[in-house]
1. Taking only C-alpha pairs under 8 Å that are 6+ residues apart, what is the relative contact order of the chain in percent?
2. Amide H of residue 215 versus every other amide H placed in the peptide plane: which residues, excluding those fewer than 5 positions away on the same chain, fall under 5 Å?
3. Place +1 on the Cβ of every Lys and Arg and -1 on the Cβ of every Asp and Glu in segment 38-120, take the dipole about the Cα centre, and give the residue among 116, 83, 46 whose Cα lies farthest towards its positive end.
4. Measure out, as a whole number of angstrom, how far apart the alpha-carbon centroids of segment 271-293 and segment 207-265 sit.
5. Assuming R0 = 45 Å, can you tell me the calculated FRET efficiency for the pair residue 308 and residue 111, based on Cβ-Cβ distance, to the nearest 0.05?
6. Please give the contour-minus-distance gain from residue 34 to residue 376: 0.36 nm per residue of separation, less the Cα-Cα distance, rounded to one decimal in nm.
7. Assuming a viscosity of 1.002 mPa s and a temperature of 20 °C, what translational diffusion coefficient in µm² per second does Stokes-Einstein assign to the chain, Rh being the Kirkwood radius over Cα pairs?
8. If each residue of separation counts as 0.36 nm, what is the full-extension length gain between residue 417 and residue 85 once their alpha-carbon separation is subtracted?
Amino acid sequence: MMKRHLFIVLALVLSVFISSCSNGDKSGKNYVIKDNMIVFPEPERVEGQKSVLQLAVDPIPVVRMGFIGLGMRGADAVNRISNIEGVEFKALCDLLPERVESVQNWVIKGKGLPECAEYSGEEGWKELCERDDIDLVYICTDWVNHVPMAVYAMQHGKHVAVEVPAATSVEECWQLVDVAEQTQRHCMMLENCCYDFFELTCLNMAQQGLFGEVIHAQGAYIHNLEPFWAYYQGNWRLDFNQKYAGDVYATHGLGPVCQVLDIHRGDKMNYLVSLSTPSINGLKIAEETMGSETFANGDMTSTLIKTNRGKTILIQHNVYTPRPYDRLYQLTGTEGFANKYPVEGFTLKEENIPSDIVPDHEDLNSHGFVPSHIKDSLMVAYKHPIAKDIEEKAKKVGGHGGMDFIMDYRLIYCLQNGLPLDQDVYDAAEWSCLGELTAASIANNGLPVKFPDFTRGDWNKVKGYKHAVK
Ligand SMILES: NC(=O)c1ccc[n+]([C@@H]2O[C@H](COP(=O)([O-])OP(=O)(O)OC[C@H]3O[C@@H](n4cnc5c(N)ncnc54)[C@H](O)[C@@H]3O)[C@@H](O)[C@H]2O)c1
């Protein structure tokens, strides 16, 4: 009798295991399928590790920095940041010594700054992280190096700023979260699109209720990279896309709309479904340049996300076909609408626009964009306070029209003043995990995928997205 019971229990356990691994999960991937939903692991918080939600550390009046990765993005970052007061450059690192030399000459010597220590080679970055005179490590390498470098830097007591996407898998996202919590260090992903002028203005308008309740948002990275593939060092980007399906570069589209929707500040992303086209142009370029016969990343990937409050988000990725550059950025609210590409515009209810901002309400109707002079007045009236302070300088220094400089400025300002950063490690994880989550949905005919809750239950503790100010 006992034996029979044991057999039944074992058979049940086995059948649950088999059903959770069936339906397409034959690739050894890191998820199970449960109740028609793909579920990735959500490991419990280890004892002694504590949340870094709203993390604030002691003010760092002079932020001492080290840079890893001095290619197209990293070299410009050093140059931009050299325009911020209260920063000291301590060390520069790249795989290739000539790139270190070039930034040392162009920016450091060019501006008469004290010379930086130089590191190069595969593991030079470790020595940079081990130095005891650096507060912030700024990482601009290829994607697969982001997490090992960020983790090592935090484990050596440094705060980290890391380019997008911060991580390439759900497991890597957890690693960033866990190490940030263990070390109580900042880990900010450098999502610059959150700082573009139109996005900041819309965020301010949304927070002041001009769109009513924002129920749907859209974002994208649509950028034909054909002219750029050859310039990524060692072909890292095409190489990555050749291997991985899914929206591998989702954060530019997702970041700004997550801020409007208060993700992990009152709402959270619950699940997504994703579909992708075949890879035609991607495969063609990989055949020509890498001799590759396969290409995992579909030319166009579309993803729909459902939030806990029932809102929806559409995110798209296409870096292969001829199209005008497009990050979509669109907000649909119960009282209004904002759209960035291809034309910036607002549709608003007249009763929501104060007459001291737009005295002539006759032009307004809810079937078209407000006329351009009204749009211009709104852009001035609702300019985000953080843009107001720094707009002129940002436009002069540049970096995608100034947004990159605002991002750097905010990062340094928050560190100097001991404030929580604009983007925390949970944002980095939530926005970066889209790569693997969408790949899993695509591999399973668009099956829903549950978002891991990287805050481990704390997503509703902070009420509303805010930029910290002193
Ligand atoms: N936020 C944005 O608007 C934006 C724009 C472009 C690129 N990026 C991101 O910036 C990062 C870099 O992109 P990029 O266009 O500059 O690529 P890139 O190929 O020009 O630069 C990458 C650099 O990393 C260096 N590197 C590689 N391995 C290294 C190692 N072990 N140690 C030190 N350095 C190493 C390479 O030598 C190269 O100089 C990527 O994450 C990319 O997604 C962001």
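1. Worked out over the chain, it gives 22 percent.
2. 332, 333, 334
3. Sorting the options by dipole projection puts first 83.
4. Here the two parts' Cα centres lie 18 Å apart.
5. 0.40
6. 118.1 nm
7. D = 91 µm²/s.
8. Extending this stretch completely gives an extra 118.2 nm.
Only the coordinates and a few stated rules stand behind these numbers; no lab work does. Note that this is a predicted model, so its numbers are computed, not measured. We place every Cβ from the backbone using ideal geometry, glycine too, and count neighbours over all the protein chains shown.
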